[in-house]
Structure formats: C-alpha cells, structure tokens
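Q: Before we start, here is the structure in question, set down as structure tokens.
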Amino acid sequence: MTLFERSAKELQAEIKAGNLSIADLTKEAYERIAKLDGDVQAFLASNEEKATAQAAEMDKVPFEKRGPLFGLPIGVKDNIVTEGLETTCASKILEGFMPIYDATVVNKLREAGMITVGKLNMDEFAMGSSNENSYYKTTKNPWNLNHVPGGSSGASAAAVAAGEVPFSLGSDTGGSIRQPAAYCGVVGMKPTYGRVSRFGLVAFASSLDQIGPITRNVEDNALLLEAIAGLDPNDSTSANVEVPNYAAALTGDVKGLRIAVPKEFLGEGVGEAARQSVLAALEVLKGLGATVEEVSLPHSKYALAAYYILSSSEASSNLSRFDGIRYGFRAENVTNLMDLYKETRAQGFGDEVKRRIMLGTYSLSAGTYDAYYKKAQQARTLIKADYDKVFEDFDVIIGPTAPTPAFKIGENVDDPMTMYANDILTIPMNLAGVPAISIPCGFENGLPLGLQIIGKYFDEATIYRVAHAFEQATEFHKEVPQMWEGK
Amino acid sequence: MAKLTKEEVKHVANLARLAITEEEAEKFAEQLGKITDFAEQLNELDTTNVEPTTHVLPLVNVMREDVAVKGLDREVMMLNVKEQEDGQVKVPAIM
C-alpha cells in the first residue's frame, strides 16, 4: 500500500499530527515511481532534484499559512509548459524543448503549495485515445498491463491509478481526461470551457481544449479544480465567472435532483456492462432521492464527424508554429527554407498528427470549406442547442463515459475510425462546452468502468455534489489495482 | 464528395508544409478518404439558417488597459533556438 491511498484531507491531518512530513510525501512519490513506472511507463521528465529541495523548504512553513493542497505531489501532463522542465507533448518535434515560462495552472499549483513531481506521457499533441501515439513510450493500464490507459491524458490517469502520485493534471479536447479516468478507475473532470486558463497549454483545438484535474476521489478533485480555476488576463477565453468553494458543495444531498438520461447514450455501440453499470448507478442516485427521466439529444450521432473536422482544422492552424526555426527538432541536410519546414515537420510529427493536420488543411481549403468546416460548425450549433434544451428542465445529464472498458494495446492502431469511436460519448460535451466528470462505477473483467455526469455551464459544483453522493454510497473508488499490493 | 486522390493528398501536404513520399500519399489517401466518407453524414443535417458556432461562450473583443508590461528577455527567448548568430535566428537560404 501507499501513503497516497489517503485523501488530501487525511494527508494534511497526518502532517499536522507530526506523523508525516512533506519531504516524506515527495520521497514516497519518487519511490513509487522507481518501483512501478518500469511497468506503467507514465513519466517522461522527472523534477526530483528541485521537488526534493522544495519539499524540505515547505516543511518549514507554519501550518496557518498552508492551504488544503499544501505540500502534496502532483504530476503534470506534458502539453502544459513548465519553466526549466522539458515539455515535449510526447512529440519528437519538441524533443529537448525547455519552456521559458510556466503555464498559468502551474503558477496556480505553486501558489497552492503543490509540488510538481514530473511530466506525464500522452498521445502526441493530445491526438489519440490510447497513449500509443506517444513518440517516447506506451503507457500501460495499471489494472492490466496488456491494456491501454486511454488517452490522450492516459499517463495522467495511470499515474494516479498506480498510486505514483495522488494528483495529476490532464487536458480534454474530446474526452482526453474523462476516457482515461474511466479506463483507469479514477476521477477526472473536464471543466466548462473557459473555467481554467489555457495559457501555457500547448494548443491542439483552441475552441475545445480545457485543462482539468485527475484524482482518486471526488473531494480531492474539487479541491484541485478550485486551485486552478479562474479568470486569467493571459487567456482571453478564460471566463470572468466567480470560482465557488467546490468542496463546500459536497453535502451528500441529492434529494429532488433532476437527472436526465439520454437514450442515445445507452443505445447502439455501448457495451452491456457499461450500460448495466450506469443503470445500477441511477438506482443508487434514485435511492438517495434523485429523479431520473429519459431524454433525447438527437444530434449526438453527428458529434464525432463534426469534432474531427473542427478539431483537426484548428490543429492544422495551431501546429503550424512547429517549423524547426525557434525551438524543438530541426531537420538537417536541407538546402533551403521551404525544405527545412517540410522535412522538420515530416520527420518531427507522427502519423496521427500528420493525418489530422492534413484533414484540417483539407477541410479549410477553398472548395471544401463550406462542405466540411462550416457544415461542422453548424452541426456544433445544433449539438449545443440539444444540451441547452435538456438543461432547461434538468440539473445533470448522466451516461457512461466510454462504450467499453480499456481495450488491448495494439488492438485499434491500424484503423483510425475505430480508434476515434472510443470518444463518441465524451466528444459532444467539448462541442457544447459544458463540464463533465468521470467517476468509477463498476468493472468488467477486472477493468474499470466510468460514470459520466454532465452539468450546466459553470455548474461544476452540482456535478461534484452528485459525484460525491454516489461515491459515498458505493465502494468502487476503494478498489485499487493489484500492483498496489505486491511487487 | 469523392474519395481523396493521391494527388489531392500531395497538394494538401504541400499546403501543410509536410514532405510526403509516394507510399505515404497512398496510405493517407485511403485513411483520409475513410474519415471524409464518415464526415459525409453531416449532409443529412438541414442547416438552413443555422449559425455556425466558432466558440461556446458569449465573449466578444476581450480588451485590457493599454499599459506596457515587461516582456520576456531576449536572451531567454533565444535559449531554444538551434541555430543563431549575434542574437538572431539563423535559417537556410530562402531561395
């Protein structure tokens, strides 16, 4: 077992009682990584030297100056820039890149007193659902090392599930926090678009990307979101909406809560175990006094197509900055500038990234713009309107996070379309911009399943309240992978 | 819309500044063709008079006070530049 079995609150109590120090916790993180990461393969860069020094300093800070996350270790997805700590987006094109400033969320982690342990693997530029698209390594699912951890924040979820760190940050463009959280049996929140600053998040699809917390329990997740959320002058799309005390929302009371269950989320393509686990979860919430009604989100089936057009179009523009001139990989033996661009990008990007850059470039080209890009934006309007309508009468929408548990490594790599279908239940929320969480709600063949709870714009508090009530009424979050015991 | 041809893929790769081999062009033509085929289902939607959504929040022209702030140091900004000379970024000949 590990110290990280405890919640933030429990860890702080132990520290205050003198049973644990911040230095102990940092040491525990690196010991767990040394012991388990040979199997899990979650970490890219390590911050051990600085983190250890920081921990020793922080142990001297008086208790009254410490917040609820003070001194706790966290892993950060490798598309979030960290000054002086290599940041690659798991791409060859950024090999050796040393950021010269911190992302706003990284500054906020520091203000909260959290200790950045290292950088976490991902699908290259967050494009993928399995972490198999990393240039550096394939992260494994701690519940079964033959299976993927999900993606693109696969290692962010796997590191928490393995108990290497109690907290991590991921990013979610089409499900990249929630799907790996579901596959790894942890709690992952994609906040409302604009809730968390994107400054310092290497952009994939700017109108969809959002940073969010991954943790082992709902309360820790609420604490971490509160620490990173808020308006940022450096991100003009961050919202000027007050950040509530999310932990205060965890009352356990869901009496009278109106839950909508879209029939599209439990129909064709969704596995029987995932379906049954959601139906059982709804019974739990009904037992706590919530009401459940079936609704329809009729444009859900168009979300996947609209998403791939829009996200790839935005990516084709965002990734044009990687040209080998100012940072990262630069191709050698080229004689002119155009060849330098083309060779750097051809050698520096993996196939999935190239596919999406080309799809995006094609969608935005004269002659196809109206048929693809504009049409997809109009579909987005219709998808968003579905959510607006349901939220007139309901407090939350509930469904599965993914159609199945984690698939096997190598199973879907040859067919992009099958791979894309893993995100069919998470993509619509990014298009609509609404917040959504995945929490553990069952198992199939020893692999975790996730329950997705979707809320109104900027109403993460209600999502946390429901998630917490469910968590307290069930035991799923107490299960840990076998690797916690032995080795 | 027809399946993407190899020539179209090469054209798009050029626009995207990606060097591409014949074999890659063939492979990507097939894969991108599948994806665009799938995207055809959007044509089932009647989008007459539907405004396109570029952004989900009702934000327009976010401005700040026009006050000068210190930027990053030039030396720091050059740290990741592979080839440089006298504080300037160096590139191969344009022509």
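Q: Suppose accessible area is computed on protein heavy atoms with a 1.4 Å probe; arrange A:Met417, A:Met429, A:Met98 from highest to lowest.
A: Numbers: A:Met417 35, A:Met429 0, A:Met98 80 Å².
So the residues, ranked largest to smallest area, are A:Met98, A:Met417, A:Met429.
Q: How many nm is it between the label spots at A:Ala385 and A:Asp370, if each spot is 7 Å from the Cα in line with the beta carbon?
A: Between A:Ala385 and A:Asp370, the label points sit 2.0 nm apart.
Q: Please compute, for peptide A:336-348, the average count of beta-carbon atoms on other protein chains lying within 10 Å of each residue's beta-carbon. Walk me through the numbers before you get to the answer.
A: On the way: counts 5, 5, 6, 3, 4, 5, 7, 3, 3, 5, 7, 1, 1.
If you average over the peptide's residues, the count of other-chain Cβ atoms is 4.
Q: Between B:Asn14 and A:Asn445, what is the label-to-label distance in nm when each label sits 7 Å out along the Cα-to-Cβ direction?
A: Reported label-point gap for B:Asn14 and A:Asn445 is 4.8 nm.
Q: Per DSSP H run of at least 4 residues, take -39500 (n - 2.57); add these up for chain A, divide by its residues and hand me the 222 nm value, nearest 500 deg cm²/dmol.
A: -10500 deg cm²/dmol
Q: Counting partner chain Cβ atoms within 10 Å of every residue's Cβ in A:372-384, what's the average?
A: Values: counts 5, 1, 3, 8, 6, 7, 10, 9, 6, 7, 5, 1, 2.
Mean partner-chain Cβ count within 10 Å for A:372-384: 5.
Q: Which percent of the accessible area of the range B:1-43 is formed by carbon and sulfur heavy atoms (probe 1.4 angstrom)?
A: On the way: 1200 of 2240 Å².
Carbon plus sulfur share of accessible area: 53 percent.
Q: Could you check what % of the DSSP bridge pairs in chain A are antiparallel, to the nearest 5?
A: Working: 31 of 46 bridges.
Bridges in chain A are about 65 percent antiparallel.
Q: Can you compute 3J(HN,Hα) from phi for each residue in the range A:98-109, using the Karplus curve 6.51 cos²θ - 1.76 cosθ + 1.60 with θ = phi - 60°, rounded to whole Hz and x for Gly and Pro?
A: Result, rounded to whole Hz: 10, x, 9, 8, 9, 4, 4, 5, 5, 4, 5, 4.
Q: Also, I was wondering about something else. I need to check one value: relative contact order of chain A, counting alpha carbon pairs closer than 8 Å and at least 6 residues apart, in percent. Walk me through the numbers on the way to the answer.
A: Values: 1150 pairs, mean separation 87.9, N = 487.
Reported relative contact order: 18 percent.
Q: Same structure again: Going by a 1.4 Å probe on protein heavy atoms, which residues of the range B:65-90 end up with at least 20 Å² less accessible surface in the whole assembly than in their chain alone?
A: Listed in order, they are B:Leu72, B:Val76, B:Asn80, B:Val81, B:Lys82, B:Glu83, B:Val89.
Q: Could you tell me which trypsin sites (Lys or Arg not before Pro) in the range A:234-320 are loop residues by DSSP with no more than 16 other beta carbons within 10 angstrom of their beta carbon? Numbers along the way, then the final one.
A: Values: sites: A:Lys255, A:Arg258, A:Lys263, A:Arg275, A:Lys286, A:Lys301; in loops: A:Lys255.
Filter output for the range A:234-320: A:Lys255.
Q: Convex hull over the alpha-carbon atoms of chain A: what's its volume per residue in Å³?
A: Values: hull volume 67.6 nm³, N = 487.
Enclosed volume per residue, from the Cα hull, is 139 Å³.
Q: Ok, one more. Would you tell me the mean number of C-beta atoms belonging to other protein chains that fall within 10 Å of each C-beta in A:186-199, as a whole number?
A: Details: counts 0, 0, 0, 0, 0, 0, 2, 3, 4, 0, 0, 0, 0, 0.
Per-residue shielding by partner chains comes out at 1.
Q: When the accessible area of chain A is split by element with a 1.4 Å probe, what percent falls to carbon and sulfur? Could you put the intermediate results ahead of the total?
A: Values: 7700 of 15940 Å².
Percent of accessible area from carbon and sulfur atoms in chain A: 48.
Q: Using alpha-carbon pairs under 8 Å, 6+ residues apart, how would you state the relative contact order of the range A:212-300 in percent?
A: Numbers: 74 pairs, mean separation 25.2, N = 89.
Here the relative contact order equals 28 percent.
Q: Got a sec? What order do A:Arg345, A:Arg216 fall in by accessible area at 1.4 Å, biggest, i.e. largest, first?
A: Values: A:Arg345 10, A:Arg216 35 Å².
Ranking A:Arg345, A:Arg216 by accessible area, largest first, yields A:Arg216, A:Arg345.
Q: Right, here's the next one. Please list, short to long, the whole-number percent of alpha-carbon pairs of the range A:419-463 in consecutive 10 angstrom bins beginning at zero.
A: In whole percents, the pair-distance histogram is 25, 46, 25, 4.
Q: I want to verify a result. In a Gaussian network model of chain B, Cα cutoff 10 Å, which of these has the top mean-square fluctuation: B:Val67, B:Val56, B:Val76?
A: Among B:Val67, B:Val56, B:Val76, the largest mean-square fluctuation in the Gaussian network model of chain B belongs to B:Val76.
Q: Another question, if that's okay. Return the whole-Å distance between the Cα centroid of the range A:139-216 and the Cα centroid of the range A:301-328.
A: Using only Cα atoms, the two centres lie 19 Å from each other.
Q: Taking amide H atoms as placed 1.01 Å from N in the peptide plane, list the residues 5 or more away in sequence, or in a different chain, whose amide H sits under 5 Å from that of A:Leu449.
A: A:Cys441, A:Gly442, A:Phe443, A:Glu444
Q: Right, another one. Send over a whole-number figure in Å² for the accessible area per residue of chain A, probe 1.4 Å.
A: Values: 15940 Å² over 487 residues.
About 33 Å² of surface per residue is accessible.
Q: Moving on. Distance between the C-alpha centers of the range A:437-487 and the range A:392-422? Whole Å please.
A: So the two Cα centres are separated by 16 Å.
Q: Considering Cα pairs under 8 angstrom that are at least six residues apart, work out the relative contact order of the range B:1-43 and quote it in whole percent. Let's see the in-between values first.
A: Numbers: 24 pairs, mean separation 23.4, N = 43.
54 percent.
The values are calculated or read from the model by the stated rules, or taken from the named source; none is laboratory data. Please read all numbers here as calculations on a predicted model, not as lab measurements. Positions of Cβ are backbone-derived with ideal geometry, glycine not excepted, and every protein chain shown enters the neighbour counts. These accessible areas exclude ligands, DNA and RNA; they are computed on the full protein's heavy atoms, side chains included. Shrake-Rupley method; radii C 1.70, N 1.55, O 1.52, S 1.80 Å.
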